[in-house]
Each structure stands twice: as structure tokens, then as C-alpha cells.
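J.: Quick one: the structure is below, questions incoming.
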Amino acid sequence: MTAERKITDLQALVSDLSPQDRALANRIFAVSTTTGRLDPPEAMYAWIAKSFGSVDRVTAQRIVKVTNLITLEGTLFNELRASRPLDTGVSLDLDREIAATEGDPFCRPKDGTPADVFGRVEGEHATTASNVAKYDGFHGVVVFDDHNPLHLTPGKVADYVSVGLEWGRKALEADPEARYPFLMWNCLWRAGGSIIHGHAQVTATRGSHYPKVERLRRAASAYRREHGSDYFGDLALVHDSLGLDIPLEGVRAFASLSPIKEKELVAIGGEPGDPSLSRAVGALLQGFVSDLGVRAFNVAFYMPPLGPTDEDWSDFPTVVYIVDRGDPANRTSDMGAMELYAASVVASDPFRVAGVLREGQASP
Ligand SMILES: [Zn+2]
């Protein structure tokens, strides 16, 4: 293994690629580096050294800006922000807090939750319910048998996904216009989950896909027209060439160079129902929880529609996003105006994220 790679050296790492790999990286990503400087009074030195390790780390801070030129998603990386002092004001024993809510309606879904008009889908580890206050015309909940959402395994996650996809097929039978399925998982409060009991959510929409999914389809389609090449394959190649890939059966998974927030992983697979894809997502989530200490996370499945449409989805794979939403004990939101309206600001280094997950895969 060569010296540890760092996101702050990304420009040099791209320059060191083979000409072909470098051309591909530069086609998809713009990378620039800048140094932010400040001049603290001596009275602050002790506090800065205690909070950030040394005064030098703060007086000159290296910041890398990565922009995906195809999708116009982008991230500013500053490692220093990982160690910034936070006034969290809350401390809690998460396991105890999760256990304290046992006996909720999701612990007995048949009595505690409504069914959809087409009934329930039952899997080995989960049962569906109809969401009481809906995002869209069809909005279901995949209620896990496990109360504690962090007790996940690749096998259980594969079942949750399979139950969610079957729910999508039932929704399509009930309404042939509801062709566009979306599967998501908001784990714990910081990720937008209002109920602790383990659950994912599924929706089915009409007319066109959700705008962020459609935007990605259009970007990939324009990329194919311009370069005669598959955007998703090329995106994975760039991450592979830099050493950000996480080898797993049946998918191309990597720690993203333009994460929406901390530790974002992307898994690109074929059919959404391919069990090796959902097991790989489960393995990544298991690594997230056990190797990276993540507690609150979001998962989203971008999938092609289940029926024929006017627009062309023939090259669109299944793309799964996984992102860490921060420590449940922390009261500061991980997203502010920068993330909502400008670019994401991220402290976690994707090279470290990929390294930790690769090690975890190697030693089950
Ligand atoms: Zn429960």
C-alpha cells in the first residue's frame, strides 16, 4: 500500500493518473484547491491548539472544491471542520433511548398501522403499511421486524428492499400510471426519521419521475450524446482509478468525490431487484454502522420506471446513495444554507471512508 491518500491532495492525485484516466477524471470533475488564512490573537492560541490540535492547522487551511461538471453537484472539503468545537448541549444513551420506545405501533404493524388499498406485502423480515400522512398518492412504509434500526444485516436489508419493490409492483397494479417508484430510508431523527422503530419508505409517482431522479437521467443522457459513453460506468471508473472503490459482488460501489454530505457512498447496480445489489447495500450499511460508527443515515434508491414511458430510461441503472447525517447527540444541524443553496461542505475524507470500509469487508 502506498502512502495514505488524502482528499486535500486530489489535484495531485488526478495529475498522477494515466493520461486516459486523467482525461476521464477531468471530463467529469473540476478540482481546485485554495488556502484559507486567518490571524488569531495570542490570547486564542491555547484554545485553538486545544480545539484543533495546533495553531498552524487553523492559520492556513487547505480547502478542495470538487464540482461534478455533468450533474453540477459539488462539495467543499475542509478536514479541519471535522474537529471544530460544537456546542451540542445534549447527551444521550442511544441504545437505551431506542429500547425505551419498544412497544410502539410499528412493533405490532397489523393492529398499529393502516394497510394500503392493495393490502400488505409481507417479507421474511418486514411488513408494509400505508403511510398515514402521505408524500404522494402512493406512500408506504416498510416496517422492519426489528425495532432497533441499527440491528441490520445484508440479508435483512435485501429483504427490506425486496418487500419495497413488491409494494411498487402492487401500486402499479392498483394504478397503471404510478410507474415511478422511489425507495428511501431515513434512519433516526437527524436523518428525518420521526419514528425510531426500523422502517424504510416507498412511494410511487405519476407523470414523470421525481425531479432529482429525472435530472440525473437527463444529465446521463446528454453525456452519452456528447461523449458516446455511459456516464455511470465512467463515474465508477474515475473513482476506481483514484482508489475510492469498495469491492463488492454485483455492484460498483465507491466513496463519492462530490458527496452531498458526510461519508456519502454510491452503489451502481443493474436491476433494482437484483439481490446482490441489495445485499451489497446492506454490507455498506453494516460497515457504516460498525466500522464508521454512523448512527443516523439516509438511503435512496434511484430506479427506472416500472412501465413504458415517453422518455428513454434504457441506459439508466439502479443508483443507491447512502449518507451519514451526524451524531444523534449533536443538536447542530448538518445542513445549512450552503448545502441547501450553494455547495455541500464536508469534513470526512472519501479516501479514509473507502479505506475503512474496504478493511471491514476484508475481515468479516
Ligand atoms: Zn417498535
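The values are calculated or read from the model by the stated rules, or taken from the named source; none is laboratory data. What you see is a predicted model, and the numbers here were worked out from it, not measured in a lab. Counting neighbours? That spans all protein chains shown, and the Cβs are built from the backbone with ideal geometry, glycine included. Accessible surface areas use protein heavy atoms only, side chains included; no ligands, DNA or RNA. Shrake-Rupley method; radii C 1.70, N 1.55, O 1.52, S 1.80 Å.
J.: Could you check the spin-label model distance between Ala46 and Asp312? Points 7 Å from the Cα along Cα→Cβ, value in nm.
T.: Spacing of the two 7 Å Cα→Cβ label points: 6.8 nm.
J.: Suppose we keep just the alpha-carbon trace of the stretch 142-181; what are its Rg and Dmax in angstrom?
T.: Using the Cα atoms of the stretch 142-181, the pair Rg, Dmax is 12.6, 36 Å.
J.: Right, next: Quickly rank 294-302, 41-49 as a protection proxy: mean count of other C-beta atoms within 10 Å, highest first.
T.: 294-302, 41-49
J.: Place a +1 charge on the Cβ of each Lys and Arg in the stretch 1-42 and a -1 charge on the Cβ of each Asp and Glu, then give the dipole magnitude about the Cα centre in debye, rounded to the nearest 20.
T.: Working: 5 positive and 6 negative charges, 52 e Å.
For the stretch 1-42, the charge dipole is close to 240 debye.
J.: Here's another thing I want to ask about it. Pull up all non-local amide H partners of Asp116: gap of 5 or more, or a different chain, and H-to-H distance under 5 Å with H placed in the peptide plane.
T.: Correct list: Ser130.
J.: Next question. Given Val319, Ser18, Gln201, which one lies farthest toward the positive end of the charge dipole of the chain, if we put +1 on the Cβ of every Lys and Arg and -1 on the Cβ of every Asp and Glu?
T.: Ser18
J.: Mind scanning Lys170/Lys212; Lys65/Lys212; Lys6/Lys263; Lys134/Lys261 and naming the pairs with a C-alpha gap bigger than 20 Å?
T.: Lys170/Lys212; Lys65/Lys212; Lys134/Lys261
J.: Quick check for you: with a 1.4 Å probe and neighbouring chains kept, what is the accessible area per residue of the chain, in Å²? Write out the running numbers ahead of the final one.
T.: Working: 17330 Å² over 364 residues.
About 48 Å² of surface per residue is accessible.
J.: Rounded, prolate or oblate, given the Cα gyration tensor of the stretch 217-354, with a/c below 1.5 counting as rounded? Don't skip to the end; give the middle numbers.
T.: Values: a/c = 1.67, a/b = 1.46, b/c = 1.15.
Here the stretch 217-354 falls in the prolate category.
J.: On full extension of the chain, what length is gained from Ala329 through Arg215, given 0.36 nm per residue of separation minus the C-alpha to C-alpha distance?
T.: Roughly 37.6 nm would be gained on extension.
J.: Based on the Cα coordinates of the chain, what is the per residue volume of their convex hull in Å³? Don't skip to the answer; put the middle values down first.
T.: Details: hull volume 54.2 nm³, N = 364.
Given the Cα convex hull of the chain, per-residue volume reads 149 Å³.
J.: Rounded if a/c is under 1.5, else prolate if a/b beats b/c, else oblate: with a ≥ b ≥ c from the C-alpha gyration tensor eigenvalues square-rooted, which is the stretch 1-151?
T.: oblate
J.: Return the calculated 222 nm mean residue ellipticity for the chain, to the nearest 500 deg cm²/dmol, obtained by summing -39500 (n - 2.57) across DSSP H runs with n ≥ 4 and dividing by the residue count.
T.: -10000 deg cm²/dmol, from helical runs alone.
J.: Given charges of +1 on the Cβ of Lys and Arg and -1 on the Cβ of Asp and Glu, with all other atoms neutral, how large is the dipole of the chain about its Cα centre, in debye to the nearest 20?
T.: Here the chain has a charge dipole of around 740 debye.
J.: Relative to the compact globular guide of 2.2 N^0.38 Å, what is the alpha carbon radius of gyration of the stretch 267-308, as a ratio?
T.: For the stretch 267-308, the normalised Cα radius of gyration comes out at 1.37.
J.: Let me ask something else. Quick one: dipole size for the stretch 46-204, taken about the Cα centre, charges +1 on Lys/Arg Cβ and -1 on Asp/Glu Cβ, in debye to the nearest 20.
T.: Values: 16 positive and 21 negative charges, 157 e Å.
In total the dipole reaches around 760 debye.
J.: If a/c stays under 1.5 just call it rounded; otherwise compare a/b with b/c (prolate if a/b is bigger, oblate if not). Do that for the stretch 310-364, with a ≥ b ≥ c from the square roots of the Cα gyration tensor eigenvalues.
T.: In terms of gyration-tensor shape, oblate.
J.: When the accessible area of the chain is computed with all protein chains present and a 1.4 Å probe, what percentage of it is carbon and sulfur? Spell out each step's value before the answer.
T.: On the way: 8690 of 17330 Å².
Reported share for carbon and sulfur atoms: 50 percent.
J.: Largest first and in whole Å, what are the equivalent-ellipsoid semi-axes of the stretch 1-86 based on the Cα gyration tensor, each being the root of 5 times an eigenvalue?
T.: Three semi-axes, in Å: 32, 14, 10.
J.: Taking all pairs of different Cα atoms in the stretch 110-206, averaging 1/r and flipping that mean, what Kirkwood radius in angstroms comes out?
T.: It is 13.3 Å.
J.: Of all alpha-carbon pairs in the stretch 148-251, indicate the percentage at a distance above 16 angstrom. Intermediate results must be reported in sequence, preceding the final value.
T.: Details: 3881 of 5356 pairs.
The proportion of pairs with Cα distances above 16 Å equals 72 percent.
J.: A follow-up question, please. Mind checking which of Ala126, Ile246, Val163 is farthest towards the positive end of the chain's charge dipole, using Cβ charges of +1 (Lys, Arg) and -1 (Asp, Glu) about the Cα centre?
T.: Ile246
J.: Separate question: From Cα coordinates alone, what are the radius of gyration and Dmax values for the stretch 11-61 in angstrom?
T.: Computed over the Cα atoms of the stretch 11-61, radius of gyration and Dmax are 17.6, 51 Å.
J.: Once you put a point 7 Å from the Cα of Trp189 and another 7 Å from the Cα of Leu38, both along the Cβ direction, what distance in nm separates them?
T.: Result: 2.9 nm between the two label points.
J.: Ok, one more. Per residue, what volume in Å³ does the Cα convex hull of the stretch 225-292 take up? Walk me through the numbers on the way to the answer.
T.: Details: hull volume 7.4 nm³, N = 68.
Here the figure is 109 Å³ per residue.
J.: In sequence order, what are the phi-derived ³J(HN,Hα) couplings for the stretch 272-280 according to the Karplus relation 6.51 cos²θ - 1.76 cosθ + 1.60 with θ = phi - 60°, rounded to whole Hz, with x for glycine and proline?
T.: In residue order, the calculated couplings are x, x, 5, x, 5, 5, 5, 5, 5 Hz.
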